[in-house]
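Below is one structure; the comments refer to it alone.
The values are calculated or read from the model by the stated rules, or taken from the named source; none is laboratory data. Owing to the predicted nature of the structure, the values given are computational and were not obtained by experimental measurement. All Cβ positions, even for glycine, are placed from backbone atoms using ideal geometry, and neighbour counts span all protein chains on display.
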There are 2 protein chains.
Amino acid sequence: MKPFHPTPKTLMGPGPSDVPARILEAMARPTVGHLDPQFIALMDEIKSLLRFAFQTENALTFPVSAPGSAGMETCFVNLIEPGDTVVVCVNGVFGGRMVENVTRAGATAVVISDDWGKPVDLQKVEDTLKSHPEAKILAFVHAETSTGVLSDAKALCALAREHDCLSIVDAVTSLGGVPVKVDEWGVDAIYSGTQKCLSVPPGLSPISFGPRAIASIEARVTPVQSWFLDLSLVMNYWQGEGGRSYHHTAPINAMYALHEGLLMLHEEGLEAAFARHQTQHEALRDGLEDLGFSFLVEPEYRLPQLNTVHIPERVTDEAAIRKNLLEKHDLEIGAGLGALAGKVWRIGLMGASACPANVEKCLGALKDELG
Amino acid sequence: MKPFHPTPKTLMGPGPSDVPARILEAMARPTVGHLDPQFIALMDEIKSLLRFAFQTENALTFPVSAPGSAGMETCFVNLIEPGDTVVVCVNGVFGGRMVENVTRAGATAVVISDDWGKPVDLQKVEDTLKSHPEAKILAFVHAETSTGVLSDAKALCALAREHDCLSIVDAVTSLGGVPVKVDEWGVDAIYSGTQKCLSVPPGLSPISFGPRAIASIEARVTPVQSWFLDLSLVMNYWQGEGGRSYHHTAPINAMYALHEGLLMLHEEGLEAAFARHQTQHEALRDGLEDLGFSFLVEPEYRLPQLNTVHIPERVTDEAAIRKNLLEKHDLEIGAGLGALAGKVWRIGLMGASACPANVEKCLGALKDELG
C-alpha cells in the first residue's frame with residue numbers, strides 16, 4: 001500500500017461536485033485546537049456565512065459534524081417525541097429516508113406519495129394536514145437529488161404554518177444552487193450538505209433552526225434519543241455564552257474548507273450563483289436535446305443543478321457507458337437511484353461544476369460514447 | 001471576512017494532536033466520487049490498515065463518517081435494544097457519556113463508579129456482573145481522556161465473556177499509542193478517533209465489530225434507532241458484495257487523510273510507535289517532576305500519551321497560564337474536565353506530538369511561564 005494519488009475527475013454526478021483548488025488548499029492548513037480562540041472565531045464566521053447562504057437571521061445556524069444524512073437526523077430527533085405524528089412528502093429517495101427517520105424516532109409517519117419526477121402536490125398536502133390535525137411536523141425535500149425535481153418550499157412552509165405544524169426542509173441539493181429563503185418562507189428547520197452547490201468536500205451538514213423549532217425543543221419532556229445530535233448540548237459548543245463548552249471534537253479541517261467555500265459564495269453573490277447555475281443548465285439542456293436526450297422532469301420544476309435525462313433506447317449497457325465516461329474521459333455522471341436505476345442518468349451542474357468547460361466536456365464525451 | 005490562515009500551534013492537549021504535513025497534503029488531493037472505483041479501492045485499504053491498527057481480523061472494521069462520539073453511539077445503538085441492561089464503568093467524563101448513550105437507547109445502565117484518576121476496579125466489575133445476570137453488555141473506557149488512566153481491557157473483556165456479556169470498548173485515546181489487541185483480548189465492539197494517536201484531523205471514528213457483536217445485531221427484533229448509524233445499512237456501503245450500495249456520502253478527503261495516517265503508522269510499526277510514546281512520556285515526566293509537578297495518575301496505569309498533572313498551588317490563574325502558553329509560545333495544553341477543571345492540566349503526547357522537540361518546547365515554555 002502506498003500514498004493515494006487519485007486521478008482527478010470532472011464531477012458531474014449528484015455530488016460531490018468539483019472542489020476548487022482554493023478550498024482544497026484551505027482544508028490543508030495546519031490543524032489547530034477545537035477550543036483555540038482562532039477556531040472559535042472561525043466558527044463565528046461560518047455561522048454568519050451560513051446565515052447569508054440560508055437567508056436567515058436564525059441564531060441556531062451551524063454545520064453538524066457529519067454528512068447530510070446526519071443533518072436530516074438532527075432535525076427529526078430533536079423535534080420529534082415518541083407518539084408524535086409527522087406528515088412526510090415522498091417523491092424520491094430522500095423523502096423515503098425521512099420516513100425512516102420518523103419511525104425510528106418513535107413517531108407515526110403519514111406519507112404523501114407523489115410520482116418520482118413530479119414535485120410535491122400542494123393540494124394533497126393541504127388535504128392531509130386537514131385530515132390529520134394531530135400532525136406536529138410537515139417534512140419535505142426541496143430539491144430531490146434522486147430525480148432533479150424542485151418542490152415549492154414557500155407554499156409548503158405556508159401550509160405547515162396554517163395547520164400549526166413545524167416544517168422540516170431538506171435543502172441538501174438546493175442550497176447555493178437555487179433560492180433558499182429560510183426567513184421569508186418561514187422554514188422552521190432545514191439541513192443541507194457541503195458537497196453539492198457549495199463545492200466543499202463532503203462531511204458536514206449545515207442546519208438552521210428558527211424560533212418555533214427552538215421552542216419545541218425547549219418544551220420537550222423526553223430526552224433526544226441521540227447524544228451526538230442533541231442540539232441542547234451541541235448548542236453550548238456552537239453558541240455558548242461566556243465560553244464554549246466541549247461537546248465533541250469538531251472536524252476542524254473540514255470547517256476550514258466550508259469557510260472557504262462559503263466565502264467564495266459570498267464573493268460571487270447568491271443571485272449571481274443562481275444565475276450561473278441556470279445559464280449552464282440551459283447550455284447543457286440544449287446540447288443534450290441536440291443529442292436526442294429528453295428530460296425526466298418538466299421545465300417548470302426542473303432543478304438547474306441536477307439534470308435527469310432518460311437513457312436513450314439504443315443504449316443497451318448504460319453502466320458500461322458511465323464506466324467509459326469515467327475511465328476514458330475522466331468524467332463522472334450519476335446513475336439512476338431506486339425505481340429509476342438503469343432508466344435515467346443524473347448529470348450534475350453543482351457549484352464549481354456549473355461552468356462552460358464542464359458543459360462542453362460532458363456534451364463532447366457523451367457524443368463520443370453514444371456515437 | 002477573509003480566508004482563514006491559522007497561526008500554527010504545537011498541539012499538546014488531549015487531541016487533536018499535531019498533524020504531519022504529509023497527512024495534510026493527502027487531505028488536499030482532488031475530491032473524487034464516493035462510488036468511484038479509485039475511492040472504493042482506497043476504502044478497502046483503509047479497512048485493511050485499520051485491522052492492522054486494531055490487531056484484528058474482523059471484517060466489520062471501518063471508519064464511521066463522524067467524530068468519536070458518533071463511533072461511541074454506533075456501538076451502543078446497534079447493540080442495545082429497549083429493555084436491555086448494560087453495565088457501564090465510569091471513571092471519567094467518557095464513561096459518563098456512555099451512560100447517556102445507554103439510557104437514550106432505552107436500556108438500563110448499571111453504573112460502576114471509580115474515582116477519577118483510578119482505573120476500573122476489576123473486583124467491582126466481577127461482583128456487579130454476578131449480581132446482574134440479565135446484563136447484556138459491559139462497557140468501559142480503555143484510556144480515559146479526561147484523566148489519563150489506562151484500564152485493563154484484556155481482563156475486562158475476559159470478565160465480560162465469563163458472564164456472557166458483549167464488551168464495548170472506548171479506544172479513542174489508546175489506539176496507536178498503547179497496545180489495543182482486539183482479537184487477542186476478545187473485544188466485541190470498539191471505537192476510536194483519528195485526532196489522537198493517529199495524528200489525523202478529527203472527523204472520523206474507526207470502529208471494529210467482532211462475530212459475537214454481529215450475531216447480536218442480526219438477532220435484533222427492533223430497528224436501530226439511528227438511520228445514519230445503522231450498521232446493517234452502512235455495511236452495504238463498506239463491504240457490499242458485488243458492488244457497494246449508496247448509504248450516505250462519505251467524507252472523502254477526510255478518508256484520504258486517515259489512509260495516509262494509517263500508512264505512516266504501518267511504516268513505523270505498532271511496537272515502535274508504542275515505544276516512542278513511552279520514551280517521550282518518560283522524558284516529559286522527568287522534566288515535569290523537575291519543575292515540581294506531580295501526576296494525578298499512578299505510574300502502573302498512567303497513559304504515556306496523556307500526562308495529567310496537578311496544577312502547582314502557587315498558580316492562582318491557571319487559565320491565564322494556558323492562554324500565555326497558547327499565545328506567546330504557540331503551545332496548546334489541555335485544561336481539566338468536569339470535576340478536575342481548574343485542578344489539573346492534561347499534556348498530550350499523542351501521535352506525531354510524541355517527539356523530542358515537543359517535549360523540549362513544552363518544558364521550556366512551562367519553565368518560562370511558571371518562573
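Per-residue answers, yes or no, for (1) part of a helix (DSSP H, G or I); (2) of a type outside the set (Asp, Glu); (3) facing chain B (nearest Cβ under 8 Å):
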residue	(1), (2), (3)
A:Ser17	no, yes, no
A:His34	no, yes, yes
A:Ala53	yes, yes, no
A:Ala66	no, yes, yes
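Answer yes if at least one residue in region B:76-96 is under 18 Å from A:His247 (Cα atoms), buried (at least 24 other Cβ atoms within 10 Å of the Cβ), in contact with a strand residue (DSSP E or B) (Cβ under 6 Å, 6 or more places away or on another chain) and of a type in the set (A, V, I, L, M, F, W, C), and no otherwise. Among the residues of region B:76-96, not one is under 18 Å from A:His247 (Cα atoms), buried (at least 24 other Cβ atoms within 10 Å of the Cβ), in contact with a strand residue (DSSP E or B) (Cβ under 6 Å, 6 or more places away or on another chain) and of a type in the set (A, V, I, L, M, F, W, C), which makes the answer no.
Pairs meeting the criteria (first residue in region B:137-158 and in the same structural domain as B:Lys196 (by TED's automatic domain parsing), second residue among the basic types (Lys, Arg) and assigned to a loop (DSSP other than H, G, I, E, B), beta carbons under 9 Å, at least 6 apart or on different chains) are B:Ala143/B:Lys196; B:Thr145/B:Lys196; B:Thr147/B:Lys118; B:Val149/B:Lys118; B:Ala153/B:Lys181; B:Lys154/B:Lys181.
Every condition in (1) touching a helix residue (DSSP H, G or I) at 6+ places or on another chain (Cβ under 6 Å); (2) surrounded by 17 or more Cβ atoms within 10 Å (Cβ to Cβ); (3) closer than 30 Å to B:Asn358 by Cα holds for B:Ser216 except the one numbered (3). Selection of region B:151-177 for residues being over 17 Å from B:Lys136 (Cα atoms), in contact with a Cys (Cβ under 7 Å, 6 or more places away or on another chain) and of a type in the set (Gly, Ala, Ser) yields B:Gly176, B:Gly177. You will find that of A:His266, A:His281, A:His259, the residue that is more than 12 Å from chain B (Cβ to nearest Cβ), in contact (Cβ under 8 Å) with a residue 40 or more places away in the chain, in a helix (DSSP H, G or I) and within 25 Å of A:Ala53 (Cα to Cα) is A:His281 and no other.
Restricting attention to region B:75-109, the residues that are touching a Ser or Thr at 6+ places or on another chain (Cβ under 6 Å) and hydroxyl-bearing (Ser, Thr, Tyr) total 2.
State whether one or more residues within region A:53-71 are under 18 Å from the mean Cα position of the chain (by Cα), under 24 Å from B:Thr222 (Cα atoms) and among the aliphatic types (A, V, I, L, M). Within region A:53-71, one or more residues are under 18 Å from the mean Cα position of the chain (by Cα), under 24 Å from B:Thr222 (Cα atoms) and among the aliphatic types (A, V, I, L, M).
Looking at the structure I just gave you, is A:Leu60 in the same structural domain as A:Leu166 (by TED's automatic domain parsing), surrounded by 23 or more Cβ atoms within 10 Å (Cβ to Cβ) and not hydroxyl-bearing (Ser, Thr, Tyr)? No, not satisfied. Taken across region A:189-196, residues that are more than 14 Å from the chain's Cα centre (by Cα), of a type in the set (A, V, I, L, M, F, W, C) and more than 14 Å from chain B (Cβ to nearest Cβ) do not occur at all.
Among the residues making up region B:175-186, those that are touching a residue at least 60 places away in the same chain (Cβ under 8 Å) and more than 12 Å from the chain's Cα centre (by Cα) are B:Pro179, B:Lys181, B:Val182, B:Asp183, B:Glu184. Taking the conditions (1) within 8 Å of chain A (Cβ to nearest Cβ); (2) in contact with a strand residue (DSSP E or B) (Cβ under 9 Å, 6 or more places away or on another chain); (3) in contact (Cβ under 8 Å) with a residue 60 or more places away in the chain in turn, B:Ser48 satisfies each one other than (3).
When the residues of region A:239-251 are filtered to those that are surrounded by 21 or more Cβ atoms within 10 Å (Cβ to Cβ) and either in contact with a His (Cβ under 6 Å, 6 or more places away or on another chain) or more than 19 Å from A:Gly71 (Cα to Cα) (or both), the one that is nearest to the other protein chains (Cβ to nearest Cβ) is A:Thr249.
The set of residues in region B:219-232 being surrounded by fewer than 17 Cβ atoms within 10 Å (Cβ to Cβ) and within 13 Å of chain A (Cβ to nearest Cβ) consists of B:Arg220, B:Thr222, B:Pro223, B:Ser232.
Among the residues of region B:1-15, those identified as of a type in the set (A, V, I, L, M) and facing another protein chain (nearest Cβ under 7 Å) are B:Met1, B:Leu11. Answer yes or no: is there a residue in region A:121-136 that is under 20 Å from the mean Cα position of the chain (by Cα) and either away from every other protein chain (no Cβ under 14 Å) or surrounded by 15 or more Cβ atoms within 10 Å (Cβ to Cβ) (or both). Looking for residues that are under 20 Å from the mean Cα position of the chain (by Cα) and either away from every other protein chain (no Cβ under 14 Å) or surrounded by 15 or more Cβ atoms within 10 Å (Cβ to Cβ) (or both), one finds none in region A:121-136, hence no. The set of residues from region A:82-116 being among the acidic types (Asp, Glu) and within 13 Å of chain B (Cβ to nearest Cβ) comprises just one member, A:Glu100. When A:Phe274, A:Phe228 are screened for being under 23 Å from the mean Cα position of the chain (by Cα), of a type in the set (Phe, Trp, Tyr) and not in a helix (DSSP H, G or I), only A:Phe228 passes. A:Asn236 meets the conditions (1) polar (S, T, N, Q); (2) buried (at least 24 other Cβ atoms within 10 Å of the Cβ); (3) assigned to a helix (DSSP H, G or I) in every case but one. The failed one is (2). Looking at the structure I just gave you, is B:Leu198 buried (at least 24 other Cβ atoms within 10 Å of the Cβ) and part of a loop (DSSP other than H, G, I, E, B)? In short, yes. Only one entry in A:Ala365, A:Ala339, A:Ala352 is touching a His at 6+ places or on another chain (Cβ under 9 Å), among the aliphatic types (A, V, I, L, M), touching a residue at least 40 places away in the same chain (Cβ under 8 Å) and assigned to a helix (DSSP H, G or I), namely A:Ala365. Inspection of region A:20-35 finds no residue satisfying the criterion of being in the same structural domain as A:Gly203 (by TED's automatic domain parsing) and at positive phi. Looking for whichever is surrounded by fewer than 24 Cβ atoms within 10 Å (Cβ to Cβ) and over 26 Å from B:Tyr246 (Cβ atoms) here; the options are A:Val110, A:Val32. Which one fits? Only one candidate passes the filter, namely A:Val110. Of all the listed residues (B:Pro179, B:Pro201), the sole one being touching a Pro at 6+ places or on another chain (Cβ under 9 Å), within 23 Å of B:Pro16 (Cβ to Cβ), assigned by TED's automatic domain parsing to the domain that holds B:Met72 and modelled with pLDDT of 95 or more is B:Pro201.
Residue pairs whose Cβ atoms lie under 9 Å apart, separated by 6 or more positions or on different chains, with the first residue in region B:317-335 and away from chain A (no Cβ under 14 Å) and part of a helix (DSSP H, G or I) and the second surrounded by 15 or more Cβ atoms within 10 Å (Cβ to Cβ) and among the acidic types (Asp, Glu), are B:Ile321/B:Glu369. Within region B:338-371, being surrounded by fewer than 22 Cβ atoms within 10 Å (Cβ to Cβ), within 28 Å of B:Met264 (Cβ to Cβ) and in contact with a helix residue (DSSP H, G or I) (Cβ under 6 Å, 6 or more places away or on another chain) holds for B:Leu363, B:Ala365.
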